[in-house]
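A quick write-up on the structure given underneath.
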Amino acid sequence: MGCICNCFVGLLNCVLLTVGIGFVISGAYLNIKGNSDCEKVLTTPLIVMGGLLLILSLIGIMGTSCSSTLCMYIYLTLMFLLILGVIAFTIFVFMITNQAVGKVIADSEKVIEPKNPMDFSNWLANKVNKENNWKKIKSCLIDARLCTTDEYKLEFNFLVLVDQVACCKPPDVCGFTQKNELVWEVPKSGPSSKDKDCKKWSNDGDKMCFECDSCKVGVVENLKREWKALALINICLLAFLILIYMLGCCSFCC
């Protein structure tokens with residue numbers, strides 16, 4: 001039984017090693033080929049995660065192939081800590097993506113403090129709404145030429161696809177007249193709504209509605225979708241890690 005577990009652990013660690021190498025190569029590629037900081041934002045996470053998987057899988061392979069008790073002990077300890085980390089991160093992602101963000105954004109620069117110390121539902125919206133953070137995000141949107149990109153064309157960037165309607169046109173309640181794809185005319189009588197986003201709109205390609213609350217809401221909602229997808233990936237990764245851990249324990253005990 002121990003020999004069978006050793007074989008499975010060794011095989012699964014080879015898969016883990018391949019994934020780790022893939023992450024490191026992807027991070028290095030983005031760092032070299034990226035034209036802006038926005039394109040390089042995933043560099044550090046990919047390299048760090050890839051490096052951890054690389055080291056962990058190598059220790060596991062050494063432990064199973066050399067029947068080293070010390071290596072297996074270190075391997076199982078690190079694997080257990082990694083599993084706990086993935087569980088904690090996945091729970092955190094679900095906690096910050098479980099509530100609408102309109103109210104937080106609408107309160108401008110004010111940060112919404114949770115009534116419950118364990119309530120992180122506004123955490124993501126507060127992060128995006130901070131002036132320094134929004135400047136960086138807005139710069140990414142402008143660099144990605146969001147408002148001149150085909151709505152159905154996915155750009156590999158910090159934000160893969162943001163709601164273009166929210167960032168690239170004034171709100172419908174403003175009553176502006178569209179002259180072409182990017183130019184809107186303000187009625188002589190002024191906006192038909194007191195919505196403050198109406199005053200933030202500009203036909204300047206570098207301004208558009210990037211300062212509008214509706215754009216910020218669109219960005220947050222997009223991030224929430226991506227983070228939820230990441231949480232699902234984490235669940236699959238967690239199941240894979242638990243399987244390896246169980247087989248590793250079986251191999252270690254036998």
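The values are calculated or read from the model by the stated rules, or taken from the named source; none is laboratory data. This one's a predicted model, so the numbers in the text were calculated from it and none came from an experiment. Neighbour counts are summed over all protein chains in view; Cβ atoms, including those assigned to glycine, are modelled from backbone coordinates with ideal geometry. These area figures cover heavy atoms from the full protein model, side chains too; ligands, DNA and RNA do not enter into them. Shrake-Rupley method; radii C 1.70, N 1.55, O 1.52, S 1.80 Å.
Here are some notes:
- 5 Å binning of all Cα-Cα separations within region 161-254, expressed as whole percents from 0 upward: 3, 13, 16, 14, 10, 7, 6, 5, 5, 5, 4, 4, 3, 2, 1, 0, 0
- Inter-label distance, nm, simple model (7 Å from Cα along the C-beta direction), residue 249/residue 48: 2.8
- Unsatisfied cross-links (Cα-Cα over 19 Å) in the set 179/216; 136/199; 135/216: 179/216; 136/199
- Each distinct pair of alpha carbons in region 179-219 adds a 1/r term; the inverse of their mean, the Kirkwood radius, is 11.0 Å.
- Residues residue 202 and residue 92, FRET efficiency given R0 of 51 Å [Cβ-Cβ distance, rounded to 0.05]: 0.90
- Alpha-carbon centroid distance for the pair region 66-81 / region 175-225, whole angstrom: 56
- Per residue accessible area in Å² of region 180-254, where ligands, DNA and RNA are left out and the probe is 1.4 Å: 57
- Dipole orientation for region 188-240: of the candidates 235, 212, 192, 192 has the Cα lying most toward the positive pole (charges on Cβ; Lys, Arg +1; Asp, Glu -1).
- Close amide H contacts of residue 184 (hydrogens built in the peptide plane, cut-off under 5 Å, sequence separation of 5 or more or a different chain): 179.
- Normalised per residue, the volume of the convex hull around the Cα set of region 48-101 (Å³): 67
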